[in-house]
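Reading through the structure tokens given below for one structure.
The values are calculated or read from the model by the stated rules, or taken from the named source; none is laboratory data. Since this is a predicted model, take the numbers as computed values, not measurements. Every residue, glycine as well, gets a Cβ built from its backbone with ideal geometry; the counts of neighbours run over all protein chains shown. To get the accessible areas, we keep the full protein, side chains included, count just its heavy atoms, and leave off ligands, DNA and RNA. Shrake-Rupley method; radii C 1.70, N 1.55, O 1.52, S 1.80 Å.
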Amino acid sequence: MSAGAEQTVAIRIVRLGSPRVPGEGLRIGTVRHPPRGVPKTEYAARDLYDVWLPNLAPSAVLVKSALGAKDDRSWRVFTRRYRAEMSRPEASRVLDLLAALSHTADLSVGCYCRDEARCHRSVMRELLAERGASLA
């Protein structure tokens, strides 16, 4: 990198298990449970996650609600309830930390869901943006 050039750092929202991209940084799994049948020593090697952070995963009741959300109305209910969970101090502080770190380090957060539009990742992206995170 040349003198005076700035390095872009950011947080990426990813699907766990997808191939990593260059510069992705530390991959954080925001899921309720570790993957079944995968030894802990293989999580990173299988592109799942480097660190598990279930604090940002929806509660079990909300996971069930999200999986059953078949229309926009039920998805909006999930979104509203997940945002309420993330407004609790312990979750809110973690989101604040990730947003701040996104300006000094590359990192990624994710979940196993195929479709980000119907996953808590989409809401987490919004929550991080609202906190001023640098998003890739």
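A few points about this structure:
- Subset tally (residues that are in a helix (DSSP H, G or I) and closer than 15 Å to T30 by Cα) for the stretch 100-117: 1
- Residue check, V21 at pLDDT below 95, among the hydrophobic types (A, V, I, L, M, F, W, C) and under 21 Å from R114 (Cβ atoms): yes
Per-residue answers, yes or no, for (1) open to solvent by 30 Å² or more (accessible area, probe 1.4 Å); (2) in contact (Cβ under 8 Å) with a residue 24 or more places away in the chain:
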| position | (1), (2) |
| --- | --- |
| A60 | yes, yes |
| G68 | yes, no |
| T79 | no, yes |
| E85 | no, yes |
| P89 | yes, no |
| R93 | yes, no |
| L97 | yes, no |
| A105 | yes, yes |
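- Residue in the stretch 72-81 that is touching a helix residue (DSSP H, G or I) at 6+ places or on another chain (Cβ under 6 Å) and hydrophobic (A, V, I, L, M, F, W, C) present: yes
- Residue match in the stretch 25-48 (condition: in contact (Cβ under 8 Å) with a residue 12 or more places away in the chain, within 20 Å of G132 (Cβ to Cβ), open to solvent by 70 Å² or more (accessible area, probe 1.4 Å) and within 13 Å of the chain's Cα centre (by Cα)): yes
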